[in-house]
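Heads up: the structure comes next, in structure tokens.
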Amino acid sequence: MMTLPFLTFALAFWLGWKNRRKPAIILFVVSILLVIVVAKYHITNELNLQF
Amino acid sequence: MNNQNIAYINFLGIIIVSAILSGAYYFQFVMHEYPCPLCLLQRLCFFGLMFGLFLNLRFGFSSAHYGLSILSALLGAGISYRQILLHVCPSPTDHGFGTPVLGMHLYSWALVAFLSGILAIALLLLSSGQFEKKENHQLTPGFKVLANLAFGICFLLALTNGLATFFECGIGFCPDDPDSYMLFNGEWW
């Protein structure tokens, strides 16, 4: 699951290089959404900010 | 400032972020410190930051491209800030994650890098002349060389990071405090 956004980013860069701007930006958005999903999974425990 | 100089600054931004990601490789493969899930998420946001700059070099300067970079940098800053807060109250058992560099942990440096990136892009946006003459952008040979170089760096880093993460985390989510490469232990998730 954590590997997936790296691969979508790699694909987005590749599509950009191939002159396909719109699909590249769509893949960028997909990558960012995946980052948010994974972040939501990992950012769960309470912060220990009070003494 | 002319467009060629702004292209060089965009390229320099990609080089700086690539150097940061390569530095993370040093800690992972030379010092054998396995990146935590939040560290990997920050790496991903660095790729998002580079993506907008790459699009500028490939398709011409656009405020939308800068916007993509800023969005990624904001997300990355949020994640690194969250990791700072996790370790902000030191205890006998918690000295932060990983080895500090010049007195700060890598996630603290990441926050500095993301905020610096946002500041740099804000300064670049002040130069409004770059958004004119977009149709001539791809005719300049210098841009094509920079875009190809930027693509090579970003693509290679994204692929190798993906591969390293696959070996560390398998096909599932990463363990909170990784201490080995899961795939080497025969664990796929």
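No lab work stands behind these numbers, since they all come straight from the coordinates. Remember, predicted model here, so these are calculated numbers, not experimental data. Heads up, the Cβs are rebuilt from the backbone with ideal geometry, glycines too, and the neighbour counts pull from every protein chain shown.
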Peptide B:174-185, shielding by other chains (average Cβ, 10 Å cutoff): 1
Label-reachable residues, the stretch B:1-16, where backbone N falls under 15 Å from a point 7 Å from B:LEU102's Cα toward its Cβ: B:16
Chain B, dipole about Cα centre (Lys/Arg Cβ +1, Asp/Glu Cβ -1), debye to the nearest 20: 780 debye
Label-point separation in nm, B:THR93 to A:ASN19, each point 7 Å along Cα→Cβ: 6.0 nm
Pair-distance profile P(r), taking every C-alpha pair of the protein assembly as shown, with 10 angstrom steps and integer %: 7, 32, 34, 18, 7, 1, 0
Residue-averaged 222 nm ellipticity for the protein assembly as shown, from DSSP H runs of 4+ at -39500 (n - 2.57), nearest 500: -22500 deg cm²/dmol
As computed over chain B, the Cα convex hull volume per residue (Å³): 123 Å³
A:VAL30-B:ALA64 pseudo-label distance in nm [points 7 Å out on the Cα-to-Cβ vector]: 1.8 nm
